[in-house]
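Enquirer: For reference, the structure I am asking about is given below.
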Amino acid sequence: MKKEIKVFAPATVANVSCGFDILGFAIDAPGDELTLRITDKPGVVITKITGDEGKLPIEAEKNTAGVSLLAMMKELNAGFGVEMQLDKKMPLGSGLGSSAASAVASVFALNCLIDKPVNKLDLVKFAREGEKISCGENPHADNIAACIYGGFVLVRSNYPLDIIPLSAPDDLYCTILHPDVVVKTEHSRNILRKQLLLSTAVTQWGNIAGLVAGLLKSDYDLISRSMHDVIVEPVRSVLIPGFDAIKEAALSNGALGSSISGSGPSVFALSNSKEKAEKIGAAMQKVLAPLEVGSEVYISKINSNGPIIIG
Ligand code: HSE
């Protein structure tokens, strides 16, 4: 049995505008790297974390990746221990599924080292245990499912888990603008309204169904018509400097649709060519310049692999 492995797990865009907590997709970069080693001493030891500016706990019981591993090892009755090094290669609190990427990297790495006895659905369950650190009890699975399965996923049900991978057009590109402000997932969930008008719900589920149908049929016009969120985006967008202008810049430069990535502050846009994706990125970033908010732009195809072994 191989004793050490290094893996990469990708960033993800949850919600995809109208699909709060039930839709997500993975992108090629950025993502997290994680090295895992099997040891004789039972338990999980995190030897080092890089790229987190000292913000993440090194104690396994308080760390997203550590908690995910502990849940998996308990279920497997593991008679061994593991040592782990986590290299954060993506911003924390960015809306790009940072905690999901770490959680997924850890359980994927262990599964590879022990010759893959655990299926993808169960890996989602273990990694979701780790998400409790950042979102509290009953965490959503949209980032984790997209990270593990790759591509677009529909989480038809969170409890019990029912995950449906969705096919999508080959030439979709994602542009992400990450403004240099931090939004805590817990906070941006707490500010959401708990009750809705029936008419609002009808609009939203029409859009979700339309978006799923548009992806499956590779119908760009339908994808574009459906990427409207009338429930979550109007509330959360106040947390993002220049949101309306950023979104408008994306749409007027050829985006099929644009919205908040996960719980923000990143804003994503989908388009159907690399040239458009780059033009959209430049236009979105230009909006932030006069606001004196720093930012990064990521451009990526949709990642269809999920996590991979890199060493
Ligand atoms: N679906 C979750 C939310 C994703 O929007 O709160 C958090 O990353």
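The values are calculated or read from the model by the stated rules, or taken from the named source; none is laboratory data. Note that the structure is predicted; figures quoted are calculated from it, not measured. Cβ atoms come from the backbone with ideal geometry, glycine included; neighbour counts cover every protein chain shown. Please note that ligands, DNA and RNA were not included when accessible areas were found on the heavy atoms of the full protein model with its side chains. Shrake-Rupley method; radii C 1.70, N 1.55, O 1.52, S 1.80 Å.
Enquirer: On full extension of the chain, what length is gained from Thr39 through Lys301, given 0.36 nm per residue of separation minus the C-alpha to C-alpha distance? Before the final figure, lay out the partial values.
Expert: Working: separation 262, 0.36 × 262 = 94.32 nm, distance 3.73 nm.
Contour length minus the Cα-Cα distance gives 90.6 nm.
Enquirer: Here's a follow-up. For segment 155-311, what's the radius of gyration and Dmax over Cα atoms, in angstrom?
Expert: Rg, Dmax (Cα atoms, Å): 16.2, 52.
Enquirer: Quantify, in whole percent, the carbon and sulfur part of the accessible surface of the chain (1.4 Å probe; protein heavy atoms only).
Expert: 53
Enquirer: In addition: Could you give the angle, 0 to 90 degrees to the nearest 10, between helix 120-135's Cα long axis and the longest principal axis of the Cα atoms of the chain?
Expert: The helix 120-135 is inclined about 80 degrees to the chain.
Enquirer: Further question: For segment 1-88, calculate the relative contact order in percent as a whole number, restricting contacts to Cα pairs under 8 Å that are 6 or more residues apart.
Expert: 33
Enquirer: Given an 8 Å cut-off on Cα distances and at least 6 residues of separation, report the relative contact order of the chain as a percent.
Expert: 25
Enquirer: What accessible area per residue, rounded to a whole number of Å², is obtained for the chain using a probe radius of 1.4 Å?
Expert: Values: 13200 Å² over 311 residues.
So the chain comes to 42 Å² accessible per residue, rounded to a whole number.
Enquirer: If each of Val238 and Lys6 carries a label point 7 Å out from its Cα toward its Cβ, how far apart are those two points in nm?
Expert: 4.6
Enquirer: While we're on this one: When you take every Cα atom in the chain, what is the radius of gyration, and what is Dmax, the widest Cα pair distance, in Å?
Expert: 18.8, 59
Enquirer: For Thr200 and Leu291, compute 0.36 nm times the residue count separating them, minus their Cα-Cα distance, and round to one decimal in nm.
Expert: Net length gain for the segment: 29.5 nm.
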